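Here's the structure, in structure tokens; my notes come after.
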Amino acid sequence: MTSQPPSGPHGWSRRRWWLLVAGLGLLILGYAVYEFLRDDPPPYDDDLMAEFTPGPDEENGALLLAELADQIKDHADGPFLDEIMEPEDGSPPDWEAVRAYLAERAEAIDQLDAVLAAPHFHGPWPPEIGGSLSLLKASLNWGKVLGALARLQVLDTDSTAAWQTLRKSLKLGQRIGNSHQMSIGMLTGVAFKSIALETLRDHLFTLAPNRKIAKQRIEELGAFRFSEEKLRRMLREEYMVTLSFPRIIAAEGGLYVTGGDPPMPTLFYKPNRTQALFARYFREGMRNVGLTASERDFSEFEELMDTYMDRAWHDVSNFTGYMLLGLAIPMLEPVLMRVDELNSRLELTRLGLALAGYANEHGGALPPTLDALAPDYINAVPLDPFTGEPFHYDPAARKVW
């Protein structure tokens, strides 16, 4: 009697089954190797790329600001500016103490003009700043110092000097906000400008004594608005910087993504696919820039950010690329919301100057409608950036919102 080899289902021998399993395993392994080695190029001409090449010898305003930051810090052995400007007992500020506080920082305040004249603020913030939180704190200190100086100048009935100080403060906020690090730079710039606008709104009638001066200053304020064109340019520049983050991380000894000359990608990083991910994210930002807050739709952006961890595990060959997507890119939605808030405050302040100029020339009376301000006090009545509709106005309550 002849013995038969053990067989599996359908009469197959075990050997044939093992050969089939081994073959399938080799196919899977081959595909995995191919997937790890493959790096598809972005499927488009990358029109988000922007030319930005500041010369290495150009003075960087951020560096100059860092040098002055220590000079305006509150002294450990003296009162804080907030304590002088807003005493706990609710009493008025001690203006002599404010004057002494500012006198100690007079040299740094004078040197601020050099910061504003520097060719650029762009590129990653220099290490001398000490990180984003230090940048925010130093910038807000500057905002408070310049705001206190403007209030003191108003008290001294020098409205021209007060206006110049507030313009200087707004310009510095603009320079910080135009920096490459969009999330930190712009949000810090917004906070900085907000301090200046708050100071300005407290002294509208002093700073707009008549229609000529009111209209001139209203036009100057318009230059500090974040325009759609400016936001698009900043998004492109931010995109350029974001693409360099893998090298920055590698140079700092963190995730080894690319490094050396020539670049050496890791097994779990695909630079072209990562660039395509970044481009998709920034295109979402571009699409929303020209819309009002009520019209914006970040659903695709939110889906991308909510699922990037799951996507990373499904596309292990570019695991690091997805991690960078979650870590490196700015949060565009809150940035655009803060920009809308600032633009709204700015337009309300411009309207306030126009109303103050009108009231100063009409015995304190306000116009029946905002349209009565144009074109004598303001070229055109602005719309609310949040809604794209006119602001509300109640002359009886002396309110505009």
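The values are calculated or read from the model by the stated rules, or taken from the named source; none is laboratory data. Fair warning: this is a prediction, and the values are worked out from it, not measured in the lab. Heads up, the Cβs are rebuilt from the backbone with ideal geometry, glycines too, and the neighbour counts pull from every protein chain shown.
Here is a yes/no grid of residues against (1) among the basic types (Lys, Arg); (2) assigned to a helix (DSSP H, G or I); (3) under 23 Å from the mean Cα position of the chain (by Cα):
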{"residue": "311", "(1), (2), (3)": "yes, yes, no"}
{"residue": "342", "(1), (2), (3)": "no, yes, yes"}
{"residue": "357", "(1), (2), (3)": "no, yes, no"}
{"residue": "363", "(1), (2), (3)": "no, no, no"}
{"residue": "368", "(1), (2), (3)": "no, no, no"}
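Does segment 272-304 hold any residues that are of a type in the set (S, T, N, Q), crowded, with 18+ Cβ neighbours inside 10 Å and in contact (Cβ under 8 Å) with a residue 60 or more places away in the chain, and which are they?
275
Collect the residues in segment 373-395 that are in a strand (DSSP E or B) and free of Cβ contacts under 8 Å to residues at least 12 places away in the same chain, keeping them in residue-number order.
Scanning segment 373-395 gives a single hit, 394.
Filter segment 73-84 for residues that are of a type in the set (A, V, I, L, M) and in contact with an Asp or Glu (Cβ under 9 Å, 6 or more places away or on another chain) and give the result.
Hits for segment 73-84 are 81, 84.
Hey, among the residues in segment 313-348 that are of a type in the set (S, T, N, Q) and crowded, with 22+ Cβ neighbours inside 10 Å, which one's modelled with the highest pLDDT?
Checked segment 313-348; the qualifying residue modelled with the highest pLDDT is 318.
Give segment 324-340 a look and list any residue that's β-branched (Val, Ile, Thr) and assigned to a loop (DSSP other than H, G, I, E, B), or say none.
329
Return the residues of segment 90-103 that are assigned to a loop (DSSP other than H, G, I, E, B) and at pLDDT 85 or above; say none if nothing qualifies.
Result: 91, 92, 93, 94.
So residue 370 fits all but one of (1) under 22 Å from residue 294 (Cβ atoms); (2) out of contact with any strand residue (DSSP E or B) (no Cβ under 7 Å at 6 or more places or on another chain); what number is the exception?
Only one criterion in (1) under 22 Å from residue 294 (Cβ atoms); (2) out of contact with any strand residue (DSSP E or B) (no Cβ under 7 Å at 6 or more places or on another chain) is unmet by residue 370, namely (2).
Taking residue 87, is it surrounded by fewer than 15 Cβ atoms within 10 Å (Cβ to Cβ) and at pLDDT 75 or above?
Criteria met by residue 87.
Between a first residue in segment 189-201 that is farther than 16 Å from residue 175 by Cα and touching a residue at least 24 places away in the same chain (Cβ under 8 Å) and a second residue that is buried (at least 24 other Cβ atoms within 10 Å of the Cβ) and small (Gly, Ala, Ser), which pairs have beta carbons less than 6 Å apart while being 6 or more apart in sequence or on different chains?
As it stands, the answer is 199/150, since those pairs meet every condition given.
Could you please find all residues in segment 378-401 being hydroxyl-bearing (Ser, Thr, Tyr) and modelled with pLDDT of 90 or more?
Of everything in segment 378-401, just one residue is hydroxyl-bearing (Ser, Thr, Tyr) and modelled with pLDDT of 90 or more, namely 393.
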